[in-house]
Amino acid sequence: MNSGRELHLVGLSHKSAPVAVREKVALGGDELKEALAALAARAGVGEALVVSTCNRVECYVYGESLEEARHFFLSRTAEADGHLYERSGRDAVRHLFRVAASLDSMVVGEPQILGQVKEAYGLAAAAQTAGTYVSRLCNRAFATAKRVRSETEIARGAGSVSQVAVELVEKIFGNLRGRAVLLVGAGKMGALSAKALRDLGADRILVTNRSPERARALAAEIGGVAEPWETLTSLLALADVVIVSTGAPTYVVTRDLAGQVMKARRGRSICFIDLAVPRNVDPACGEIDNVYAYDIDDLQRVVTQTHAARAEEAIRAEAIVEAEVMAFAQEREARAALPVLAELRRRAEQIARAEAERTLSHVGGKLDEKGRRSVEAMAQAIVNKLLHGPTARLKEAAASGDSDLPGAAAELFGVGDEETHSPRRRPDADTGPDAHPEPRR
Amino acid sequence: MSLLVLRIAALFYAGAAAAYVLYFARPRHAALATVGQWLLTAAWVVHAAAIGLGCREYGGAEFFGLRGGLVFMVWLGAGASLVVQRLYRIPSIGAFITPLVLVVLLPTLFLVKPDFPEVLPEEVRRPMLTVHIVTALLGVALFAIASLVAVMYLLQEREVKGKRFGALFSRLPSLAALDQLNQRLVRSGFVVYTVALLTGSGMAKVVWKSAWQWDPQQVSSLVIWLLYAAMVQLRHTGWHGRRFAFLTITGFALVLGSMVTLNVLPAGFTRHGGDFSGVRK
């Protein structure tokens, strides 16, 4: 681009920096908005976008160099130095598209990142640092992510243990409306899964633990009801999904207990999810009709499978990203080559040449070859200097798809002819200004 | 003429089956399921036209033959599956039902030799007979769909219990949904079949002057009815899931078995299937 502006990216992510550095750089909400405004206020920065999640902080600058983006990180912490990666132009565009399409995520294909990029764009728009270029870029990135999601199977399967648990429960019970989830023990992963199951529509979450205080605390945290440990058997008769994660060294749910519980349940299905190591649920429980028992290895195996399958799909996704990056660049170039610009320059050069010739025909005899050339050069220089500003503006407007400015320019300079589009052009605009460029006698 | 229209209907069924199976293979293309549904609806309408034309051609006597019975049963089954699709929105069921519909319909497209009496005796031309035929065939169609759903249940249960989580796991609906659908199909099939049994014995009384004759058809129908009655009852005492699915499949196997044996047995041994020798005496 002649205007010298392009997209620059400086960032760090889970791939380049340890969490100790990432958390020093990460910022959210109002803090981010202020940082954006400060960034955009610096010279050489046209537009800016900052994506900040727990796994990455990336600063995109549409401007003259990536120094400003570097500065953004180094001003936050000097430790960032050495963990930063830098991209410019098409590589920066590709990077954003890959991030939005979840190809650069820790868990490839995870769905949250697109929302986070959208949020980043929303913040940039609110801070008024997202101009036409960044808007266009982001929309393309969203479209790319959508294409990747719908045309590949990259988002298929469950990417984490609690997601696998949710999927399993869904396949057994459908939705969980009217069903109860029982949390046995106070493990962290168990609480996570219980929350995920509540999102699936579980009406009641019961929590039980050997220590009543911890049961109460956990129940309060996830919005459940604490029940005494002694009632475990009757709780099992009540709950449909049981998540077990106690620190007990033996089976808390034995095959005998499960059989007893199934009698009390009159055969209604029950699903045990055993997240504890060593295991708390006897795997033999799964042999009983309508009892489904899974341990952490079962769930972890699915996660591993999913990751392998996603890695394969990622190859197809990369091709989509590449095509979109190309299309984005081409679109931008096509817009830059707006005919009005060419026409403006052609007219001006025509005038310059004509004026130089006229002058030379009057006084050319008194000048030597060098003098003649300086006159021609002067005319050319005046044209160039005069058109430099408008050219830069028009290119910028063209690159960002602004059609008003080219239209106005066409009208102003009287070059609004066949191939140029100027929505505001009046019919007489073709003929009227034509007389103007004629030199005065 | 009716045969030509029936063949056109079969083409639509084939299209619907293809769309549903493709959908099952590639669930990302949800449009395929919609296409399948529309094709199935179209097939059903054309099929209805074929049956109507057939009635004009054969005066309704065709339903006393195996071929006419099958044609009509397939139509009822396809209609029932359309209703199920409307109510439950489980398009993957289509991938199981439509191919079966097509397979059952296929022989009727080429078996054109009439296998039914040319004229129906006056005595049996009663509304009760129409009700009997419709309910008997609809009952069997519902039992057939129920057994397919039970097969789906067992397949999915194998995935879920066996911790396989493969292609079938993601494509088949949840166990709860399949179990519930199975139960409802068995229950409604049972109600319809009960009506068929009652009207059947009503007709027996008209034709043979006695409602019960130890006729093989009657005996097997009663056994089937008892089995399904037991299933409906067992459901209340906690029988569901795997065991219920096996029962459903057993029940339908019995239905199929009795249909085949009764048609293979020499004519005159059974008085069902349009053999009204008893009437003519």
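Every number in this text was worked out from the coordinates using simple rules, so none of it is lab data. Because the structure is predicted, anything quoted here is derived from the model rather than measured. Using ideal geometry, Cβ is built from the backbone for each residue, glycine included, and neighbour counts are taken over all protein chains shown.
In plain terms, the bigger the Kirkwood radius, the slower the diffusion; for the range B:117-198, with that radius from Cα pairs, at 20 °C and 1.002 mPa s, Stokes-Einstein puts D at 145 µm²/s. Across chain B, the longest piece that holds none of the chymotrypsin sites (Phe, Trp or Tyr not before Pro) lying in DSSP loops with up to 14 other C-beta atoms within 10 Å covers B:1-211.
Using equal-weight Cα scatterers in the Debye expression, the normalised intensity of the range A:79-122 in log10 at q = 0.16, 0.31 Å⁻¹ is -0.51, -1.01. Calculated [222 nm] ellipticity per residue, helices only, for chain B: -26500 deg cm²/dmol; basis is -39500 (n - 2.57) per DSSP H run with n ≥ 4, divided by all residues, nearest 500. In a reduced charge model with +1 at each Lys and Arg Cβ and -1 at each Asp and Glu Cβ, the range B:124-238 shows a dipole moment near 100 debye about its Cα centre. Length gained on full extension, A:Cys54 to A:Ala264: 71.0 nm, using 0.36 nm per residue less the C-alpha separation.
When chain A is treated as a GNM, springs tying every alpha-carbon pair under 10 Å, which of A:Glu58, A:Glu170, A:Glu322 comes out with the largest mean-square fluctuation? So, out of A:Glu58, A:Glu170, A:Glu322, the one fluctuating most is A:Glu170. Once the Cα atoms are used to define both axes, helix A:29-41 deviates from the longest principal axis of chain A by about 20 degrees. Angle, helix A:339-363 long axis vs. longest principal axis of chain A, Cα atoms, 0 to 90°, nearest 10? Helix A:339-363 sits roughly 20 degrees off the main axis of chain A. Sorted largest first, the principal axis extents computed over the alpha-carbon atoms of the range A:93-179 equal 49, 27, 20 Å. Each 20 Å bin from zero up to the one holding the largest Cα-Cα distance in the protein assembly as shown carries the following percent of pairs: 13, 29, 27, 18, 10, 3, 0.
Computed over the alpha carbons of the range B:160-226, Rg followed by Dmax gives 19.6, 59 Å. For chain B, modelled as a GNM whose springs connect Cα atoms under 10 angstrom apart, the maximal fluctuation among B:Ala150, B:Ala230, B:Ala18 occurs at B:Ala230.
Over the range A:1-142, the reciprocal of the mean inverse Cα-Cα separation, the Kirkwood hydrodynamic radius, stands at 14.7 Å. With R₀ fixed at 45 Å, the C-beta to C-beta distance from B:Leu234 to B:Leu11 puts the FRET efficiency at about 0.60. Using the empirical formula 2.2 N^0.38 Å as the baseline, the Cα radius of gyration of the range B:197-267 reaches a ratio of 1.32. The mean count of C-beta atoms from other chains within 10 Å of the C-beta of residues in A:166-177, rounded to a whole number, is 4.
Just so you know, the Cα atoms of chain B work out to an Rg and Dmax of 19.6, 64 Å. Among the residues of A:151-163, the average count of other protein chain beta-carbon atoms within 10 Å of the residue beta-carbon is 1. Within the listed set B:Gly79, B:Gly166, B:Gly54, the residue fluctuating most in the Gaussian network model of chain B (springs between alpha-carbon atoms under 10 angstrom) is B:Gly166. Taking the empirical scaling 2.2 N^0.38 Å for compact globular proteins as reference, the range A:120-239 has a Cα radius of gyration ratio of 1.53.
A helix-only calculation puts chain A at -17500 deg cm²/dmol for mean residue ellipticity at 222 nm, using -39500 (n - 2.57) for each DSSP H run of at least four residues, averaged over all residues. What the Cβ-Cβ distance of B:Ala31 and A:Lys15 gives, at R0 = 45 Å and to the nearest 0.05, is a FRET efficiency of 0.75. The residue list A:Ala239, A:Tyr133, A:Ala155 was ranked by how far each Cα lies along the charge dipole of the protein assembly as shown toward its positive end, using unit charges on Cβ atoms, and A:Ala239 comes out on top.
Couplings 3J(HN,Hα) for the range A:257-271, derived from phi with the Karplus relation 6.51 cos²θ - 1.76 cosθ + 1.60 (θ = phi - 60°), are 4, 4, x, 4, 4, 5, 5, 5, 7, 6, x, 4, 5, 9, 10 Hz, where x marks Gly and Pro.
Spin-label model, B:Val223/A:Ala381: points 7 Å from Cα along the beta carbon direction are separated by 11.2 nm.
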